[in-house]
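Shown next, in structure tokens, is the structure this report addresses.
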Amino acid sequence: GNGFSKLAEEHRNSIAEYLRKFSFLTVRDDWTSTVVNRDLFNGEEVVNTINPDPVFTLNLDAEEWDSKGIKSRGYYVMTLPLKWSAGHKRGLLRKVWFSAFKRAVNKAGYQLVELPLPEGVSGMKFDFTVPYPIDPAQWFLWIKNAKGFIGLRFHAVVSSFANGTPFFSLDSYSSGGAERSKIHNLLKGTQFESFRVDELITVNPWKLFHKMKSVS
């Protein structure tokens with residue numbers, strides 16, 4: 001989240017020198033253009049063209065989904081932080097929240113599937129955890145074929161948008177201030193602004209499930 005400001009000045013100058021060799025530069029969001037112009041070009045507005053994230057353009061209809069026997073739209077997929085239930089009091093609250101949400105999902109006839117992070121799994125008792133490592137296209141297809149997505153990461157939210165998959169974002173980026181969160185900026189001013197929170201246990205799990213179910 002600090003951009004290039006932590007790099008030595010000689011390294012930033014070197015990167016800027018190579019970037020200036022391009023005839024045209026574009027970035028995917030306002031945050032990136034701000035960081036590049038501020039930290040590499042000393043405030044000069046070198047990059048001012050914004051294009052959508054490339055994930056929006058993906059078309060993987062020809063890619064076969066390795067479903068592991070799970071039915072399309074028969075599950076909700078979730079990505080939680082590594083060792084999410086660690087800690088005594090907070091860990092217990094998270095376990096209680098997760099159990100209630102999983103009961104709501106199962107009661108409605110769906111499975112709750114974990115899509116793990118590169119750093120590992122959450123440690124929660126999902127109906128199924130997708131094996132890792134995973135091909136990026138398969139990661140995308142697990143979100144595409146889900147009834148809904150709940151969890152971390154900017155690209156997961158963008159992938160949900162691209163596929164029309166209902167989502168609720170656990171915004172781990174906003175601990176230093178929501179104004180610096182890519183997810184906050186992506187959703188700000190849209191009808192999806194309320195589908196984002198910093199901590200899941202602040203949301204009623206049953207209400208969250210029914211809110212997502214109502215838009216799917």
May I ask you to verify whether Trp84 is farther than 26 Å from Phe140 by Cα and either under 22 Å from the mean Cα position of the chain (by Cα) or touching a residue at least 24 places away in the same chain (Cβ under 8 Å) (or both)? no
Go through region 103-124 and give me each residue that's open to solvent by 40 Å² or more (accessible area, probe 1.4 Å), charged (D, E, K, R) and either touching a residue at least 24 places away in the same chain (Cβ under 8 Å) or part of a strand (DSSP E or B) (or both). Glu119
Among the residues of region 151-159, is there at least one that is touching a Phe, Trp or Tyr at 6+ places or on another chain (Cβ under 6 Å), crowded, with 20+ Cβ neighbours inside 10 Å and among the aromatic types (Phe, Trp, Tyr)? no
Subset of region 2-54 that is of a type in the set (Gly, Ala, Ser) and closer than 27 Å to Ser160 by Cα - its residue that is surrounded by the most Cβ atoms within 10 Å (Cβ to Cβ): Ser33
Unmet requirement for Ala62, which otherwise passes all of (1) of a type in the set (A, V, I, L, M, F, W, C); (2) touching a helix residue (DSSP H, G or I) at 6+ places or on another chain (Cβ under 7 Å); (3) more than 30 Å from Pro205 (Cβ to Cβ): (2)
Looking at Lys207 and the list (1) over 17 Å from Tyr75 (Cβ atoms); (2) of a type in the set (Lys, Arg); (3) modelled with pLDDT under 90, which single condition is not satisfied? (3)
Meets criteria (at pLDDT 95 or above and either within 19 Å of the chain's Cα centre (by Cα) or open to solvent by less than 40 Å² (accessible area, probe 1.4 Å) (or both)) for Phe128: no
Condition first: loosely packed, with under 15 Cβ neighbours inside 10 Å and under 30 Å from Leu7 (Cα atoms). Now tell me which residues in region 55-100 satisfy that. Leu82
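The values are calculated or read from the model by the stated rules, or taken from the named source; none is laboratory data. All of these numbers come straight from a predicted model, not from anything done at the bench. Here the Cβ is made from the backbone with ideal geometry for all residues, glycine too, and neighbour counts use every protein chain on show. With ligands, DNA and RNA removed, areas are computed over all heavy atoms of the protein, side chains included. Shrake-Rupley method; radii C 1.70, N 1.55, O 1.52, S 1.80 Å.
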